[in-house]
Amino acid sequence: MPQAIQRIALLGARKIPHLKFVARHPTLTTILATLALLAAISFRAYSDPLPAGFVRLADVDRTIRQDIRYAGLENFLHRKANGYEAPVCILTEQAAKALASVQRALSAKGLTLIVFDCDRPARAVADMGEWTRQGGPPDPQWYPTLERGHLIAKGYVGELSSHSRGSTVDLAIARAGKKSAARPACGAPDTGTLDFGTGFDCFDPTSQMAYRPLGAEAAANRKMLLAAMRAAGFRNYAREWWHFRLADEPSPKQRFDFPVTAN
Ligand SMILES: [Zn+2]
(Lines give C-alpha, C1' and ligand atoms only; values in the text may rest on other atoms or scores of the structure.)
Protein backbone atom coordinates (compact mmCIF):
# COMPACT_ATOMS: atom_id res chain seq x y z
CA MET A 1 0.00 0.00 0.00
CA PRO A 2 1.38 3.45 -0.84
CA GLN A 3 2.67 5.20 2.26
CA ALA A 4 0.88 8.43 1.34
CA ILE A 5 -2.50 6.69 1.39
CA GLN A 6 -1.71 5.05 4.74
CA ARG A 7 -0.70 8.44 6.15
CA ILE A 8 -3.90 10.05 4.94
CA ALA A 9 -5.94 7.24 6.48
CA LEU A 10 -4.13 7.64 9.80
CA LEU A 11 -4.46 11.42 9.81
CA GLY A 12 -8.15 11.15 9.04
CA ALA A 13 -8.59 8.66 11.82
CA ARG A 14 -6.82 10.90 14.34
CA LYS A 15 -8.96 13.90 13.47
CA ILE A 16 -12.23 12.04 13.89
CA PRO A 17 -12.57 10.89 17.54
CA HIS A 18 -14.60 7.76 16.93
CA LEU A 19 -12.02 6.58 14.42
CA LYS A 20 -9.29 6.49 17.09
CA PHE A 21 -10.11 2.83 17.48
CA VAL A 22 -9.27 2.35 13.84
CA ALA A 23 -5.98 4.20 14.17
CA ARG A 24 -4.93 1.92 17.00
CA HIS A 25 -5.49 -1.15 14.82
CA PRO A 26 -3.01 -1.13 11.93
CA THR A 27 -4.63 -4.09 10.14
CA LEU A 28 -7.97 -2.34 10.03
CA THR A 29 -6.25 0.85 8.90
CA THR A 30 -4.59 -1.06 6.09
CA ILE A 31 -7.89 -2.58 4.97
CA LEU A 32 -9.63 0.81 4.99
CA ALA A 33 -6.79 2.48 3.14
CA THR A 34 -6.76 -0.31 0.54
CA LEU A 35 -10.49 0.12 0.04
CA ALA A 36 -9.94 3.87 -0.40
CA LEU A 37 -7.24 3.17 -2.98
CA LEU A 38 -9.46 0.72 -4.88
CA ALA A 39 -12.27 3.26 -4.87
CA ALA A 40 -9.90 5.90 -6.25
CA ILE A 41 -8.72 3.54 -9.02
CA SER A 42 -12.22 2.57 -10.11
CA PHE A 43 -13.29 6.23 -9.99
CA ARG A 44 -10.43 7.07 -12.35
CA ALA A 45 -11.40 4.25 -14.71
CA TYR A 46 -14.89 5.64 -15.10
CA SER A 47 -14.12 9.34 -14.71
CA ASP A 48 -12.89 9.94 -18.24
CA PRO A 49 -15.91 9.52 -20.49
CA LEU A 50 -15.98 10.83 -24.03
CA PRO A 51 -18.27 13.77 -24.80
CA ALA A 52 -21.81 12.74 -25.69
CA GLY A 53 -22.04 11.40 -29.23
CA PHE A 54 -18.39 10.28 -29.45
CA VAL A 55 -17.17 6.69 -29.61
CA ARG A 56 -13.91 4.83 -29.91
CA LEU A 57 -13.83 3.35 -33.40
CA ALA A 58 -12.76 -0.05 -32.08
CA ASP A 59 -16.04 -0.26 -30.14
CA VAL A 60 -17.95 0.11 -33.43
CA ASP A 61 -15.63 -1.86 -35.73
CA ARG A 62 -12.63 -3.78 -34.40
CA THR A 63 -11.49 -4.82 -37.86
CA ILE A 64 -10.53 -1.34 -39.07
CA ARG A 65 -6.75 -1.05 -38.75
CA GLN A 66 -5.48 1.90 -36.66
CA ASP A 67 -2.10 3.59 -37.10
CA ILE A 68 -2.59 6.89 -35.26
CA ARG A 69 0.45 8.80 -36.36
CA TYR A 70 0.29 11.92 -34.13
CA ALA A 71 0.39 9.74 -31.01
CA GLY A 72 3.89 8.61 -32.00
CA LEU A 73 7.11 9.95 -33.48
CA GLU A 74 6.70 9.08 -37.18
CA ASN A 75 4.82 12.12 -38.37
CA PHE A 76 5.75 15.50 -39.82
CA LEU A 77 6.40 16.94 -36.33
CA HIS A 78 8.86 14.10 -35.56
CA ARG A 79 7.26 13.97 -32.12
CA LYS A 80 3.92 13.34 -30.44
CA ALA A 81 1.33 16.11 -30.86
CA ASN A 82 -0.26 17.68 -27.77
CA GLY A 83 -3.43 15.93 -26.67
CA TYR A 84 -2.63 12.43 -27.98
CA GLU A 85 -2.35 10.25 -24.91
CA ALA A 86 -3.00 7.00 -26.79
CA PRO A 87 -2.87 5.79 -30.41
CA VAL A 88 -6.63 5.48 -30.62
CA CYS A 89 -9.25 6.58 -33.15
CA ILE A 90 -12.15 8.52 -31.63
CA LEU A 91 -15.00 9.76 -33.84
CA THR A 92 -18.61 10.85 -33.64
CA GLU A 93 -20.90 7.86 -33.63
CA GLN A 94 -22.24 8.82 -37.08
CA ALA A 95 -18.75 8.97 -38.61
CA ALA A 96 -17.71 5.69 -36.97
CA LYS A 97 -20.81 3.90 -38.26
CA ALA A 98 -20.30 5.34 -41.73
CA LEU A 99 -16.70 4.07 -41.70
CA ALA A 100 -17.90 0.66 -40.57
CA SER A 101 -20.14 0.52 -43.65
CA VAL A 102 -17.13 1.33 -45.86
CA GLN A 103 -15.20 -1.41 -44.09
CA ARG A 104 -17.95 -3.95 -44.75
CA ALA A 105 -17.85 -3.17 -48.46
CA LEU A 106 -14.05 -3.41 -48.59
CA SER A 107 -13.74 -6.56 -46.51
CA ALA A 108 -15.79 -8.40 -49.13
CA LYS A 109 -12.83 -7.73 -51.45
CA GLY A 110 -10.18 -8.82 -48.94
CA LEU A 111 -9.31 -5.21 -48.12
CA THR A 112 -9.37 -3.10 -44.98
CA LEU A 113 -9.39 0.56 -44.05
CA ILE A 114 -6.41 1.88 -42.13
CA VAL A 115 -6.95 5.13 -40.21
CA PHE A 116 -4.11 7.56 -39.48
CA ASP A 117 -6.01 10.31 -37.66
CA CYS A 118 -9.57 10.79 -36.42
CA ASP A 119 -10.72 13.31 -33.83
CA ARG A 120 -7.88 15.77 -33.31
CA PRO A 121 -8.05 17.83 -30.08
CA ALA A 122 -8.04 21.61 -30.62
CA ARG A 123 -4.85 21.73 -28.53
CA ALA A 124 -3.13 19.46 -31.09
CA VAL A 125 -4.22 21.74 -33.93
CA ALA A 126 -2.81 24.74 -32.01
CA ASP A 127 0.40 22.79 -31.37
CA MET A 128 0.81 22.03 -35.09
CA GLY A 129 0.10 25.66 -36.03
CA GLU A 130 2.68 26.96 -33.55
CA TRP A 131 5.25 24.43 -34.73
CA THR A 132 4.65 25.44 -38.37
CA ARG A 133 5.04 29.15 -37.64
CA GLN A 134 8.51 28.49 -36.20
CA GLY A 135 9.58 27.99 -39.83
CA GLY A 136 12.45 25.97 -41.24
CA PRO A 137 13.73 24.35 -44.42
CA PRO A 138 11.91 21.66 -46.43
CA ASP A 139 11.83 18.16 -44.93
CA PRO A 140 12.54 15.51 -47.60
CA GLN A 141 10.28 12.98 -45.89
CA TRP A 142 7.18 15.14 -45.30
CA TYR A 143 7.29 18.40 -47.31
CA PRO A 144 10.12 18.05 -49.83
CA THR A 145 9.35 21.16 -51.86
CA LEU A 146 8.05 23.60 -49.22
CA GLU A 147 9.45 25.65 -46.38
CA ARG A 148 7.90 24.68 -43.06
CA GLY A 149 6.48 28.18 -42.58
CA HIS A 150 4.44 27.85 -45.80
CA LEU A 151 2.50 24.75 -44.77
CA ILE A 152 -0.44 26.77 -43.42
CA ALA A 153 -0.77 29.04 -46.47
CA LYS A 154 -0.60 26.00 -48.75
CA GLY A 155 -3.46 24.33 -46.87
CA TYR A 156 -1.55 21.37 -45.39
CA VAL A 157 -1.67 22.54 -41.76
CA GLY A 158 -4.84 24.29 -40.62
CA GLU A 159 -5.19 27.09 -38.05
CA LEU A 160 -8.49 25.34 -37.43
CA SER A 161 -9.17 21.77 -38.47
CA SER A 162 -12.38 19.92 -39.24
CA HIS A 163 -10.72 16.99 -37.42
CA SER A 164 -11.60 18.76 -34.12
CA ARG A 165 -15.28 18.31 -34.94
CA GLY A 166 -14.94 14.55 -34.73
CA SER A 167 -16.33 13.54 -38.13
CA THR A 168 -13.17 13.89 -40.24
CA VAL A 169 -10.74 11.07 -40.80
CA ASP A 170 -7.41 10.48 -42.55
CA LEU A 171 -7.17 7.00 -43.99
CA ALA A 172 -6.09 4.62 -46.73
CA ILE A 173 -6.82 1.08 -47.85
CA ALA A 174 -4.65 -1.95 -47.16
CA ARG A 175 -4.87 -5.63 -47.91
CA ALA A 176 -6.48 -7.45 -45.00
CA GLY A 177 -4.11 -9.69 -43.10
CA LYS A 178 -0.88 -8.60 -44.71
CA LYS A 179 1.29 -5.61 -45.34
CA SER A 180 1.57 -4.49 -48.90
CA ALA A 181 2.83 -1.64 -51.00
CA ALA A 182 5.99 0.04 -51.78
CA ARG A 183 7.57 2.36 -49.25
CA PRO A 184 6.54 5.83 -50.44
CA ALA A 185 9.22 8.41 -51.12
CA CYS A 186 7.17 11.12 -49.40
CA GLY A 187 4.87 10.95 -46.37
CA ALA A 188 4.41 8.30 -43.70
CA PRO A 189 6.57 5.23 -44.27
CA ASP A 190 5.70 1.65 -43.37
CA THR A 191 1.93 1.98 -43.25
CA GLY A 192 1.41 -1.18 -45.28
CA THR A 193 -1.23 0.38 -47.50
CA LEU A 194 -1.94 -0.15 -51.15
CA ASP A 195 -0.06 2.14 -53.53
CA PHE A 196 -1.58 5.63 -53.42
CA GLY A 197 1.31 7.39 -55.14
CA THR A 198 2.43 9.12 -51.92
CA GLY A 199 2.29 8.25 -48.25
CA PHE A 200 -0.13 9.82 -45.75
CA ASP A 201 0.85 13.42 -44.91
CA CYS A 202 3.06 13.94 -47.91
CA PHE A 203 2.59 17.72 -48.11
CA ASP A 204 3.13 18.09 -51.82
CA PRO A 205 1.05 18.68 -54.99
CA THR A 206 1.47 14.97 -55.83
CA SER A 207 -0.94 14.23 -52.94
CA GLN A 208 -3.84 16.01 -54.65
CA MET A 209 -6.57 13.47 -55.29
CA ALA A 210 -6.66 14.38 -58.98
CA TYR A 211 -2.89 14.89 -59.46
CA ARG A 212 -1.59 13.63 -62.78
CA PRO A 213 0.55 12.04 -64.04
CA LEU A 214 0.18 9.24 -61.53
CA GLY A 215 0.95 5.52 -61.86
CA ALA A 216 -2.04 3.46 -63.06
CA GLU A 217 -2.24 1.44 -59.84
CA ALA A 218 -2.08 4.49 -57.57
CA ALA A 219 -4.72 6.26 -59.69
CA ALA A 220 -7.00 3.22 -59.48
CA ASN A 221 -6.54 2.97 -55.71
CA ARG A 222 -7.33 6.66 -55.17
CA LYS A 223 -10.43 6.24 -57.30
CA MET A 224 -11.49 3.19 -55.27
CA LEU A 225 -10.96 5.04 -51.95
CA LEU A 226 -12.89 8.08 -53.17
CA ALA A 227 -15.81 5.98 -54.42
CA ALA A 228 -15.97 3.90 -51.24
CA MET A 229 -15.93 6.96 -48.97
CA ARG A 230 -18.44 8.91 -51.09
CA ALA A 231 -20.85 5.99 -50.94
CA ALA A 232 -20.86 6.37 -47.14
CA GLY A 233 -21.43 10.14 -47.20
CA PHE A 234 -17.84 11.42 -46.91
CA ARG A 235 -16.30 14.27 -48.93
CA ASN A 236 -12.64 14.42 -49.87
CA TYR A 237 -10.29 17.37 -49.39
CA ALA A 238 -8.88 17.81 -52.90
CA ARG A 239 -5.31 18.52 -51.74
CA GLU A 240 -5.00 15.35 -49.66
CA TRP A 241 -6.16 12.00 -51.04
CA TRP A 242 -6.35 10.60 -47.45
CA HIS A 243 -8.57 13.30 -45.85
CA PHE A 244 -12.37 12.83 -45.67
CA ARG A 245 -15.14 14.66 -43.80
CA LEU A 246 -18.61 13.30 -43.19
CA ALA A 247 -20.80 15.73 -45.19
CA ASP A 248 -23.72 15.48 -42.81
CA GLU A 249 -21.59 15.85 -39.67
CA PRO A 250 -23.43 16.19 -36.35
CA SER A 251 -21.36 19.09 -34.93
CA PRO A 252 -20.50 21.31 -37.91
CA LYS A 253 -19.82 24.40 -35.77
CA GLN A 254 -18.30 23.00 -32.60
CA ARG A 255 -14.64 22.33 -31.88
CA PHE A 256 -13.70 19.75 -29.25
CA ASP A 257 -10.60 19.65 -27.08
CA PHE A 258 -10.73 16.47 -25.05
CA PRO A 259 -7.53 14.36 -25.06
CA VAL A 260 -7.28 11.20 -27.12
CA THR A 261 -7.23 8.42 -24.53
CA ALA A 262 -7.50 4.64 -24.66
CA ASN A 263 -10.34 4.43 -22.13
ZN1 LIG B 1 -6.95 15.16 -42.31
Restricting the search to the stretch 218-253, which residues are polar (S, T, N, Q) and outside the structural domain of residue 206 (by TED's automatic domain parsing)? 251
Looking at residue 155, is it within 13 Å of the ligand (Cβ to nearest atom) and over 18 Å from the mean Cα position of the chain (by Cα)? yes
For the stretch 95-131, which positions are away from the ligand (no atom under 16 Å from the Cβ), surrounded by 20 or more Cβ atoms within 10 Å (Cβ to Cβ) and of a type in the set (Lys, Arg)? none
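Each row is one residue, and each column tells you yes or no for (1) within 16 Å of the ligand (Cβ to nearest atom); (2) among the acidic types (Asp, Glu); (3) in contact (Cβ under 8 Å) with a residue 40 or more places away in the chain; (4) not in a helix (DSSP H, G or I).
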residue	(1), (2), (3), (4)
174	no, no, yes, yes
187	yes, no, yes, yes
191	yes, no, yes, yes
223	no, no, no, no
226	yes, no, no, no
257	no, yes, yes, yes
Among the numbered criteria (1) more than 26 Å from residue 231 (Cα to Cα); (2) hydrophobic (A, V, I, L, M, F, W, C); (3) surrounded by 22 or more Cβ atoms within 10 Å (Cβ to Cβ), which one does residue 185 miss? (3)
Filter result (more than 16 Å from the ligand (Cβ to nearest atom) and either in a helix (DSSP H, G or I) or closer than 25 Å to residue 87 by Cβ (or both)) within the stretch 233-250: 250
Verdict on residue 230 being within 12 Å of the ligand (Cβ to nearest atom), under 22 Å from residue 66 (Cα atoms) and either among the charged types (D, E, K, R) or in a helix (DSSP H, G or I) (or both): no
Limited to the stretch 76-92, what total is found for residues that are part of a loop (DSSP other than H, G, I, E, B) and buried (at least 23 other Cβ atoms within 10 Å of the Cβ)? 3
Test: residue in the stretch 132-150 that is away from the ligand (no atom under 15 Å from the Cβ) and among the basic types (Lys, Arg): yes
Of all residues in the stretch 117-138, count the ones that are within 13 Å of the chain's Cα centre (by Cα) and part of a loop (DSSP other than H, G, I, E, B). 4
Top-ranked residue in the stretch 158-172 [being part of a strand (DSSP E or B) and of a type in the set (A, V, I, L, M); ranked as nearest to the ligand (Cβ to nearest atom)]: 169
Would you please name the residue that is surrounded by the most Cβ atoms within 10 Å (Cβ to Cβ), looking only at residues in the stretch 202-221 that are among the hydrophobic types (A, V, I, L, M, F, W, C) and part of a helix (DSSP H, G or I)? 218
The lone condition residue 131 fails out of (1) hydrophobic (A, V, I, L, M, F, W, C); (2) closer than 20 Å to residue 245 by Cα; (3) out of contact with any Gly (no Cβ under 7 Å at 6 or more places or on another chain) is (2)
Since residue 253 meets every condition but one in (1) away from the ligand (no atom under 16 Å from the Cβ); (2) charged (D, E, K, R); (3) buried (at least 17 other Cβ atoms within 10 Å of the Cβ), which condition does it not meet? (3)
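The values are calculated or read from the model by the stated rules, or taken from the named source; none is laboratory data. Since this is a predicted model, take the numbers as computed values, not measurements. Note that we place each Cβ from the backbone using ideal geometry, even for glycine, and neighbour counts take in every protein chain shown.
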